[in-house]
Structures are given as C-alpha cells and as structure tokens.
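Provided herewith is a single structure, encoded as structure tokens, for subsequent inquiry.
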Amino acid sequence: MLNGVEIDIDSWPMIPTYMEIEGNTEKEVVDMQKFLGIDATKITTLNCDDIYKQIYGIDISTIKELKF
C-alpha cells in the first residue's frame with residue numbers, strides 16, 4: 001500500500017512480470033501512475049486473462065495447467 005493505493009507485482013507463467021495498481025477511483029490510479037513516473041503509454045486496464053490474450057496472443061482457457 002502506498003498512499004491508500006495497492007501496488008502488486010504480478011508474475012504469471014509465459015508472460016513478463018508486471019505491476020498492478022489498484023485504487024478506489026480511477027483518479028487514484030492515475031495519480032499513482034504519475035507519482036511513480038510510469039509512462040501512460042505503458043499502462044492498460046486489461047485483466048489478467050485479457051493481458052494474456054490481447055497482448056501476448058495466448059488463450060489461457062485452452063491451457064490445462066499454468067505452472068508457477
């Protein structure tokens with residue numbers, strides 16, 4: 001937690017590790033992104049399943065088991 005905003009480092013099989021920023025409002029998330037100096041072109045609002053599919057072309061619903 002930083003200033004009331006949750007910041008997680010997510011590591012999933014087959015894709016690079018990424019940071020997740022969760023706040024109570026979109027403004028909190030955007031303010032944190034700016035505070036951390038993260039380029040706005042490097043962010044997405046996709047969930048994990050959609051990150052796999054839309055960014056990396058992996059349909060995880062077809063994978064029987066993801067091993068961490």
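Being touching a residue at least 24 places away in the same chain (Cβ under 8 Å), aliphatic (A, V, I, L, M) and on the phi < 0 side of the Ramachandran plot is the filter here; which residues of segment 1-35 pass it?
L2, V5, I7, I15, V29, M32
A further question on this structure: Kindly provide the set of residues from segment 24-63 that are assigned to a helix (DSSP H, G or I), surrounded by fewer than 10 Cβ atoms within 10 Å (Cβ to Cβ) and of a type in the set (V, I, T), ordered by number.
The answer is T41, T62.
Taking segment 16-33 as the region of interest, how many residues are among the polar types (S, T, N, Q) and more than 18 Å from I55 (Cβ to Cβ)?
Residues that pass the stated criteria total 2.
Laboratory data are not the source of any read-out in this text; all were calculated from the coordinates shown. Just so it is clear, the model here is predicted, and its values are computed rather than measured. Note: ideal-geometry Cβ built from the backbone for every residue, glycine included; neighbour counts use all protein chains shown.
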